[in-house]
Amino acid sequence: MSVVRTSLKWFLFSALTVVAVLLLRQWMATKHYVFNKEDVAKLAKQYAGQNHEQAFAKVVVELRKRYPGHILPDEDLQWVFVNAGGWMGSMCLLHASLTEYLLLFGTAVDTGGHSGRYWAEISDTIISGTFRQWKEGTTKSEMYYPGDTIVHSVGEATSVQWSTGTWMVEYGRGFIPSTLGFALADTLFSTQDFLTMFYTVRVYVKGMLLEAGTLLTEAGVF
């Protein structure tokens with residue numbers, strides 16, 4: 001009898017999980033998004049080849065003009081280390097919600113490793129440096145340069161490598177919490193840099209709160 005009860009519990013859990021995933025997919029397929037990868041890439045490409053700090057400053061100014069209320073204020077912008085998949089970089093989060101994020105990313109040293117496999121599509125437009133990608137199932141890698149945009153599709157896994165001084169604008173769309181396990185795993189189990197983990201979670205929460213406030217304001221609640 002206990003085996004039957006256990007089997008029934010697993011069946012119900014599996015069924016509820018499938019229903020939840022289907023509902024989530026339907027919601028993400030029909031909801032309105034703030035950004036799209038084409039517009040973000042077009043904006044970033046205007047400043048490709050420039051000094052990355054000057055380019056980033058211009059990108060942030062333009063984003064605030066185009067998407068008021070959706071980009072974190074200067075006092076909340078912070079460069080935070082990211083250790084994931086064996087590589088190390090740094091990010092500056094500009095926008096975050098359950099289904100989108102927008103950030104500046106790069107590295108001041110040569111680094112590389114595993115891309116991660118997400119329930120999200122991620123696109124990167126290179127401002128400076130070079131990015132090499134080796135796709136799963138292939139035997140050759142591809143090199144990308146300033147002005148190029150690389151799209152990491154949902155469920156895709158690749159080997160990635162950035163040269164010193166590679167900086168880019170990154171936009172992600174999908175179920176963003178699904179990316180956090182990969183983003184934080186190396187910090188939790190390898191570097192144990194819990195201060196960096198705190199910074200990462202804090203800025204993500206700030207982005208979520210900003211987006212929630214903007215949505216409520218637009219809905220007339222405030």
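Can we say Thr217 is touching a residue at least 12 places away in the same chain (Cβ under 8 Å), polar (S, T, N, Q) and either crowded, with 19+ Cβ neighbours inside 10 Å or part of a strand (DSSP E or B) (or both)? Spelling it out, it is not the case that Thr217 is touching a residue at least 12 places away in the same chain (Cβ under 8 Å), polar (S, T, N, Q) and either crowded, with 19+ Cβ neighbours inside 10 Å or part of a strand (DSSP E or B) (or both). For the stretch 116-140: of the residues being touching a helix residue (DSSP H, G or I) at 6+ places or on another chain (Cβ under 9 Å) and in a loop (DSSP other than H, G, I, E, B), which is most open to solvent (accessible area, probe 1.4 Å)? Among those that are touching a helix residue (DSSP H, G or I) at 6+ places or on another chain (Cβ under 9 Å) and in a loop (DSSP other than H, G, I, E, B), it is Arg117. Selection within the stretch 2-38: residues that are of a type in the set (Lys, Arg) and modelled with pLDDT of 70 or more. The member of this set that is nearest to Leu215 (Cα to Cα) is Lys37. With respect to the stated conditions, Gly181 is under 15 Å from the mean Cα position of the chain (by Cα), more than 17 Å from Leu103 (Cα to Cα) and of a type outside the set (Ser, Thr, Tyr). Residues that are open to solvent by 50 Å² or more (accessible area, probe 1.4 Å) and under 24 Å from Ala157 (Cα atoms) were ranked within the stretch 78-97; the one that is farthest from the chain's Cα centre (by Cα) is Gly86. For the stretch 141-154, the set of residues classified as out of contact with any Lys or Arg (no Cβ under 6 Å at 6 or more places or on another chain) and either of a type outside the set (D, E, K, R) or open to solvent by less than 20 Å² (accessible area, probe 1.4 Å) (or both) consists of Tyr144, Tyr145, Pro146, Thr149, Ile150, Val151, His152, Ser153, Val154, listed by residue number. When Glu75 is tested against (1) open to solvent by 30 Å² or more (accessible area, probe 1.4 Å); (2) closer than 20 Å to Ser163 by Cβ, exactly one condition is not met: (2).
The values are calculated or read from the model by the stated rules, or taken from the named source; none is laboratory data. Predicted, not measured: the structure shown is a model, and the values here were computed from it. No Cβ is skipped: glycine too gets one built from the backbone with ideal geometry, and neighbour counts run over all protein chains shown. Quick note on the areas: whole protein, heavy atoms, side chains included, nothing else; ligands and nucleic acids left out. Shrake-Rupley method; radii C 1.70, N 1.55, O 1.52, S 1.80 Å.
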